[in-house]
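As structure tokens, the structure follows; a few thoughts come after it.
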Amino acid sequence: MRKFLALLTVLVMSIGIYAFAQGEPVTIENMGRTTVYEKAPERAFLFSYSQAEYFAALGLEDKVVAFVPGMYTIDDVLPEYREAIGKMPLFTDGLERGSPNSIEFILDKEPDFAFGTAYNFTARTGGAPEDYDAADIKIYATRGTYIAKSSLNDTYEDILNLGKIFRVEECAEALVAEMRAEEEAVRELLKDVEPVSVFAYDSGEGTLYTIGNEGIENELIRIAGGKNIYEDVDKHYFATSAESVVDANPDVILVWDYNITDSVEEKIAYLKGLVEMQDVNAVQNDRFPSVPCYAVFPSIQNIEAIKTIAKGLHPELFD
């Protein structure tokens, strides 16, 4: 009987310790959906190096069962996280531009959680949310990819939400505190500068693609001491023309660096070669700083993006 009671005591204590470790169920609002996490997921599928970087920063690399590169490479990742990400299972075959084009690819990896952007969770990409529900896979999309007028607070909220979901709240809170401190330091440095007018050049020839005020990119430019020439346009990415840019006459043309596609130098050469652009201030003064697209999209590198943009707009403060 004593042996039985002893075993029973050990069993009860073990269950108690496990329950304590898991904590109370966590409820998360994401993409207009409410998801309850009774326990932390164990097998995560990640849609790009950017999502992998979140996991590395939170010490969750052992939770990753598979990830795909998206439109990035390991060179886009901050050096301090490359070793951890290098240990995660990377899959590159059977993809379109670095991403799955059907949910079957994800299901084959048997995850219980998938983390990506809102663009990944559609019927024509990695599967619609209902497809994941049917497979009992919980999903999370970065807030900045579906919330209008998104901001740095959405990136911070993503980190905190992941902390709650995986029961690593302290690590998530510490990361956000560090990022907020860096943001405040940049704001303090730039508090007295005159905003510089900026044309954000994403891509395109003939038709030029740029940003309005709907995405986090607009806020990053503003914090960095810039003024987006299209900040009054209620769109995220949209098409414009060289003539429209000429009319706005920006002082700086900020070039998105996609790393794996057209080079920054080729983009700059194209714009400089347009006859109609010759009198634009940015062209006259050869002001074409670049910023990694990885960093301006919702990610833990958003603060790095602000610093990079600020150096391009106000180099005198960084000499």
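Determine which member of the set LYS235, LYS272 is over 17 Å from VAL296 (Cβ atoms) and among the basic types (Lys, Arg). The conditions single out LYS272.
Condition check ((1) of a type in the set (Asp, Glu); (2) under 29 Å from GLU80 (Cα atoms); (3) surrounded by fewer than 22 Cβ atoms within 10 Å (Cβ to Cβ)) across all residues:
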| position | (1), (2), (3) |
| --- | --- |
| ALA118 | no, yes, yes |
| ALA148 | no, no, yes |
| TYR156 | no, yes, yes |
| GLU182 | yes, yes, yes |
| VAL193 | no, no, yes |
| SER197 | no, no, yes |
| GLY206 | no, no, yes |
| TYR209 | no, no, yes |
| GLY215 | no, yes, no |
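Filtering segment 267-283 to residues that are within 24 Å of VAL193 (Cα to Cα) and surrounded by 18 or more Cβ atoms within 10 Å (Cβ to Cβ) leaves VAL280, ALA282, VAL283. Quick check on GLY163: is it in contact with a Cys (Cβ under 7 Å, 6 or more places away or on another chain), more than 28 Å from VAL264 (Cα to Cα) and outside the structural domain of PHE288 (by TED's automatic domain parsing)? Against the criterion (in contact with a Cys (Cβ under 7 Å, 6 or more places away or on another chain), more than 28 Å from VAL264 (Cα to Cα) and outside the structural domain of PHE288 (by TED's automatic domain parsing)), GLY163 qualifies.
Answer yes or no as to whether ASP286 is part of a loop (DSSP other than H, G, I, E, B) and surrounded by fewer than 18 Cβ atoms within 10 Å (Cβ to Cβ). Step through it out loud before you land on a result.
Details: part of a loop (DSSP other than H, G, I, E, B): yes; surrounded by fewer than 18 Cβ atoms within 10 Å (Cβ to Cβ): yes.
Judged against the criteria, ASP286 is a match.
Look at (1) in a strand (DSSP E or B); (2) at pLDDT below 95 and you find that LEU254 fails only one, number (2).
Every residue, every condition in (1) surrounded by 18 or more Cβ atoms within 10 Å (Cβ to Cβ); (2) touching a Ser or Thr at 6+ places or on another chain (Cβ under 6 Å); (3) more than 30 Å from THR308 (Cβ to Cβ), yes or no:
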| site | (1), (2), (3) |
| --- | --- |
| VAL26 | yes, no, yes |
| TYR81 | yes, no, no |
| GLY86 | no, no, no |
| GLU110 | no, no, yes |
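Here are some residues: PRO292, PRO250. Which one is crowded, with 22+ Cβ neighbours inside 10 Å and either farther than 23 Å from LEU190 by Cβ or not assigned by TED's automatic domain parsing to the domain that holds TYR81 (or both)?
Values: PRO292 fails: crowded, with 22+ Cβ neighbours inside 10 Å.
Answer to the selection: PRO250.
Does VAL65 satisfy being under 27 Å from ASP136 (Cβ atoms), touching a residue at least 24 places away in the same chain (Cβ under 8 Å) and surrounded by 15 or more Cβ atoms within 10 Å (Cβ to Cβ)? Full working, then the answer.
Details: under 27 Å from ASP136 (Cβ atoms): yes; touching a residue at least 24 places away in the same chain (Cβ under 8 Å): yes; surrounded by 15 or more Cβ atoms within 10 Å (Cβ to Cβ): yes.
So VAL65 passes the test.
No other residue among GLU83, GLU61 is more than 23 Å from ASP257 (Cα to Cα), modelled with pLDDT of 95 or more and in contact with a helix residue (DSSP H, G or I) (Cβ under 8 Å, 6 or more places away or on another chain) apart from GLU61.
For every residue, the table says whether it meets (1) at pLDDT 95 or above; (2) of a type in the set (Val, Ile, Thr).
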| residue | (1), (2) |
| --- | --- |
| GLY23 | no, no |
| MET31 | yes, no |
| ALA44 | yes, no |
| ALA56 | yes, no |
| VAL65 | yes, yes |
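Among the residues of segment 152-174, those identified as of a type outside the set (Asp, Glu) and either touching a His at 6+ places or on another chain (Cβ under 6 Å) or closer than 29 Å to VAL255 by Cβ (or both) are LEU152, ASN153, THR155, TYR156, ILE159. For beta carbons closer than 9 Å, sequence separation of 6+ or different chains, a first residue in segment 305-318 that is within 16 Å of ARG287 (Cα to Cα) and a second that is charged (D, E, K, R) and outside any helix (DSSP H, G or I), the qualifying pairs are GLY312/ARG287; LEU313/ASP251; LEU313/ARG287.
Being basic (Lys, Arg) and either surrounded by fewer than 19 Cβ atoms within 10 Å (Cβ to Cβ) or part of a loop (DSSP other than H, G, I, E, B) (or both) is a description that applies to LYS235.
The values are calculated or read from the model by the stated rules, or taken from the named source; none is laboratory data. In this text the structure is predicted, and so the values were computed from the model without any measurement. Note that we place each Cβ from the backbone using ideal geometry, even for glycine, and neighbour counts take in every protein chain shown.
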